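K.L.:
I have a structure here, written as structure tokens, and I will follow up with some questions on it.
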Amino acid sequence: MVNSSVMTISEVHLNVRENRYDYDAVVVGAGPAGSTAAAEIAQGGFRVLLLEEHAEIGVPLHCSGLVTPRTLDEAGVGQDLVLNHVVGAHVYAPSGRTLSLGDGQTRALVIDRVGLDRALVARAQERGAELVTRARVIGVEHDGAGIKVRVDRQDASTVVRARLLVGADGANSRVAHLLGMDGPAEVVHALGAEGTLPGAEEQHVQVFVGKSVAPGWFAWTIPLGNGRVRLGVGTSNGVKPVECLRHMLETYPAQLKGWQATRWTGGTIPLWSRRKIVQDNVMLVGDAAGQVKPTSGGGIYPSLVSAKLAAGVARTALAQDDLTERKLRQYSSAWDKTFGKEYRRGQDLRRVYTTMDDQDFDRLLALFGSKRLLEMVNRYGDIDFPGRLFQRLTKLAPALWLFVRGPLRYAPLWK
Ligand SMILES: Cc1cc2nc3c(=O)[nH]c(=O)nc-3n(C[C@H](O)[C@H](O)[C@H](O)COP(=O)(O)OP(=O)(O)OC[C@H]3O[C@@H](n4cnc5c(N)ncnc54)[C@H](O)[C@@H]3O)c2cc1C
């Protein structure tokens, strides 16, 4: 349980020690990245303040909550957050062609995302991090050997000093912006909703691809069971997702007939691109660092892993009192070692994806319908590491690289 007796900013001030820093680390944003970083740094015996602008952890929700089983292991949370098991996907092209993936094994879990955020914050508190909610960071500046953070809390504004600042404040990171760090090179605007879909398959996601359906991205439904689904659509070329949703409902009457929304969400997905994620006394993690998979937009798993990588380096840097950019770059290197190759491949795949027209999508689905490829996809497909599957496929048929350079012109080679 999240401890509701959070400190007030004036109490934070009472805690100021002789030391000129109020905290060793201030973490901005109590999403999965921020609370994981806070928990891991606090576990090293450091004083950590976790600031969250909203009153309630996890609310408002901007997520469909589809994750791999390894994500829950990484989060260290129980199965009680699992709402449904997903065993496969039906992918639809605008031509009506369908590709069905899956071999009956659980490939993904649909989770209670608000519950996940709460569990992670509760753990950060158990490990000693202090949480302040309704606390919006509005200013950040370097302050000698540390950092000064201005926090707005209802009517009052105050300054907290720390040796390290972790910016985990999501896709539109104010921390990154205030410190002149690059934002994402590309974002997807997404609309999400939860509702009812009579006759929805209980254990398959539906994915709708096509330039005319969701330009630059895709649309989806994720089953919750008992005819309930989470539906979403994303675009990356300025077309409003709500317009795509209308078009999608008309294009796929059989798959979406009777859809009724009960709750709407939305948000920005910052797709990964190479950028600076540290500077003196500052680290960015999660969406704030653009650590989102460029192929699927999934960000929960990478934000958990990245927060742990960041916290590991932060603990050493705090212990050695060396918070220079040079030292903190160990985090960028560790990240690159863990995800760099995969994300660069993901970027290549995304480049191809954005050049494809509706006919190309039709050809692609036809191609993957071949027994050989389908077997490979079912065997090695992994939504956390799609690039690994692509690598295997290119080994099986190097001609796939020709596809990548000139999308799908060589389909017959794959039959
Ligand atoms: C519509 C949609 C659907 C998605 N579906 C999935 C999915 O199915 N699976 C998946 O893996 N990923 C999904 N994602 C991506 C996923 O939600 C994010 O990658 C993930 O939440 C990143 O975690 P985070 O901790 O970095 O950021 P966030 O979860 O965004 O947390 C950032 C926190 O910082 C707080 N904050 C922001 N600014 C300030 C400030 N100035 N001061 C104090 N606090 C601040 C915010 O209130 C928030 O609590 C989806 C995203 C969208 C938009």
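The values are calculated or read from the model by the stated rules, or taken from the named source; none is laboratory data. Quick caveat: nothing in here was measured; it's all calculated off a predicted structure. All accessible areas refer to the heavy atoms of the entire protein, side chains included, with ligands and DNA or RNA removed. Shrake-Rupley method; radii C 1.70, N 1.55, O 1.52, S 1.80 Å.
K.L.:
What part of the accessible area of the chain, given as a whole %, is carbon or sulfur when the probe is 1.4 angstrom?
P.N.:
Reported share for carbon and sulfur atoms: 50 percent.
K.L.:
If you bin every alpha carbon distance in segment 225-302 into 10 Å steps from zero, what whole percent lands in each bin?
P.N.:
Result, from short to long distances: 15, 35, 30, 15, 5, 1 percent.
K.L.:
Can you tell me how segment 308-395 classifies by the Cα gyration tensor, rounded, prolate or oblate, using a/c under 1.5 as the rounded cut? Write down the numbers at each step before the final one.
P.N.:
Numbers: a/c = 4.79, a/b = 2.72, b/c = 1.76.
Prolate shape, in that a/c is at least 1.5 and a/b is the bigger ratio.
K.L.:
Relative contact order for segment 145-241 using alpha-carbon pairs under 8 Å, separation at least 6, rounded to a whole percent?
P.N.:
Averaging sequence separation for qualifying contacts and normalising by length gives 22 percent for segment 145-241.
K.L.:
When ligands, DNA and RNA are left out and all protein chains stay put, how many square angstrom of accessible area per residue does segment 315-392 have with a 1.4 Å probe?
P.N.:
Details: 4120 Å² over 78 residues.
Using a 1.4 Å probe on heavy atoms only, each residue of segment 315-392 averages 53 Å².
K.L.:
State which entries of Lys257/Lys293; Lys308/Lys337; Lys308/Lys395 exceed 21 angstrom in Cα-Cα distance in the structure shown.
P.N.:
Lys257/Lys293; Lys308/Lys395
K.L.:
Over segment 114-234, with the other protein chains present, what is the accessible area per residue in square angstrom, probe 1.4 angstrom?
P.N.:
Counting only protein heavy atoms, the per-residue value for segment 114-234 is 38 Å².
K.L.:
Additional query: Once you keep just the Cα pairs under 8 angstrom separated by 6 or more residues, what percentage relative contact order results for the chain?
P.N.:
Working: 888 pairs, mean separation 74.6, N = 415.
The normalised contact order for the chain reaches 18 percent.
K.L.:
Using the Cα gyration tensor of the chain, with a ≥ b ≥ c the square roots of its eigenvalues, what is the shape: rounded (a/c below 1.5), prolate (a/b larger than b/c) or oblate (neither)?
P.N.:
prolate
K.L.:
Can you tell me which aspartates and glutamates have their Cα less than 20 Å from the Cα of Lys341? Leave out same-chain residues fewer than eight positions away.
P.N.:
Glu186, Asp287, Asp382, Asp384
K.L.:
Excluding residues on the same chain fewer than 8 positions from Lys327, give the aspartates and glutamates whose Cα lies under 19 Å from its Cα.
P.N.:
Asp24, Glu40, Asp143, Asp280, Asp336
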